[in-house]
Amino acid sequence: MKQETKNMEHKVGEKKYPEPTIGAVIYNEKGEILLMQSPKWGDYWVIPGGHVEIGEKSKEAVKREIKEETGLEVDNIEFMEFQDAFNPKGFHKEKHFIFLDFMARVSGGEIKKSDEMVEYKWIKPENALKELNLAPYTKKAIEKFIEIKEKKDYKIKYLRALADYQNLLKQTAREKEEFAKFANEQLIMEILPVYDNLKVSLSHIGDEEKKNGWAEGIKHIVSQFKNILENIGVEEIKTTGEKFDPNTMEAVGKEETEDKKQDGMVERELSAGYKLKGKVIRAARVAVYKKKHEL
């Protein structure tokens, strides 16, 4: 290591203390992990790592050591576990390490060999367990990585399934609302002519006839019809005296006018039009004012 802190075995009197070191299971977008061979570990394949320097946080040590040993930059650094390593098998000298195992994602840089990494290999973690001669502590770190990854994958799948389910509920609610909104449209279309006929009948009743009980009855029925239709979202399209709207009206007659202000205005309604919750279910048929020279 280029900046390896010396005298990591601190002495207090006759006591010696273990050396804290970091190691990282580095993974790429293909789901492969980086393993290497180092002169310090003989024929074993290991994960890159090294000592935590005085005054350095462990995650900072991960970034530094990975950069020094492999040339790579990493992010998404997550702690996995720690391991007590007493004279680890395969290491070139007797040591007592405390391995702080992390997982980290490649974010940049270009891989290159170093004094610490004489060979390297990108490999699926499951294949590494089967095919490579792994140092015991590296093997355990990879197994932990697989365990965490499976839990993460399960959580992601669960969250996706939950999101899909919630979207399905919303879609079903919208479809149900739309169905309820327009389910009675056909029935309403059959009722509207009856309502129109009653209105027409009421408009032809003279002043004397309006005093009769039957006339009051028709007036009451028309009022009830109107209330019922309004309660289920039916509204009558305003026409007479309004600007002609091709989206809600059908022009079937023209009236001459010399007044420019009246051009394009509805002169009279020939048959009523209706909307159901904002949707036009029957256009109003109207006569429209037009300037004389356009006729």
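The values are calculated or read from the model by the stated rules, or taken from the named source; none is laboratory data. In this text, all values refer to a predicted model and were calculated from it rather than measured experimentally. Here the Cβ positions follow ideal geometry from the backbone for every residue, glycine too, while neighbour counts run over all protein chains shown. Ligands, DNA and RNA are excluded from the accessible area calculation, which covers all protein heavy atoms including side chains. Shrake-Rupley method; radii C 1.70, N 1.55, O 1.52, S 1.80 Å.
So which residues in region 56-73 are open to solvent by 50 Å² or more (accessible area, probe 1.4 Å) and assigned to a helix (DSSP H, G or I), if there are any at all?
Correct list: Lys59, Glu60, Lys63, Lys67.
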Legend entry - Conditions (1) at pLDDT 80 or above; (2) closer than 26 Å to Ile191 by Cβ: number failed by Phe244: (2)
Inset, instruction - Within region 123-151, count every residue that is open to solvent by 70 Å² or more (accessible area, probe 1.4 Å), under 12 Å from Trp45 (Cβ atoms) and outside any helix (DSSP H, G or I). - result: 1
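Scan region 187-205 for residues that are modelled with pLDDT under 75 and surrounded by 10 or more Cβ atoms within 10 Å (Cβ to Cβ) and report the count. Let's see the steps before the verdict.
Residues of region 187-205 that are modelled with pLDDT under 75, as a first pass: 204-205.
With the extra rule that they be surrounded by 10 or more Cβ atoms within 10 Å (Cβ to Cβ), the set shrinks to 205.
The total comes to 1.
Say whether the condition of being at pLDDT 90 or above and not hydrophobic (A, V, I, L, M, F, W, C) is met by at least one residue in region 149-164.
There is no residue in region 149-164 that is at pLDDT 90 or above and not hydrophobic (A, V, I, L, M, F, W, C).
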Legend entry - Condition broken by Gly109, with the remaining ones in (1) surrounded by 11 or more Cβ atoms within 10 Å (Cβ to Cβ); (2) touching a residue at least 60 places away in the same chain (Cβ under 8 Å); (3) of a type outside the set (Ser, Thr, Tyr) satisfied: (2)
Inset, instruction - Taking only region 263-277 into account, find how many residues are free of Cβ contacts under 8 Å to residues at least 40 places away in the same chain and not in a strand (DSSP E or B). - result: 3
Legend entry - Residue count, region 3-38 (criterion: modelled with pLDDT under 90 and not in a strand (DSSP E or B)): 12
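For region 74-106, which positions are assigned to a strand (DSSP E or B), polar (S, T, N, Q) and exposed (fewer than 12 other Cβ atoms within 10 Å of the Cβ)?
Step one: list which residues in region 74-106 are assigned to a strand (DSSP E or B), which gives 74-86, 96-106.
Going one step further and asking which of them are polar (S, T, N, Q), we end up with 76, 83.
Asn76, the sole residue that qualifies.
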Legend entry - Unique match (being open to solvent by 100 Å² or more (accessible area, probe 1.4 Å), touching a strand residue (DSSP E or B) at 6+ places or on another chain (Cβ under 9 Å) and either within 30 Å of Val288 (Cα to Cα) or at pLDDT below 75 (or both)) among Lys238, Lys176, Lys211, Lys275: Lys238
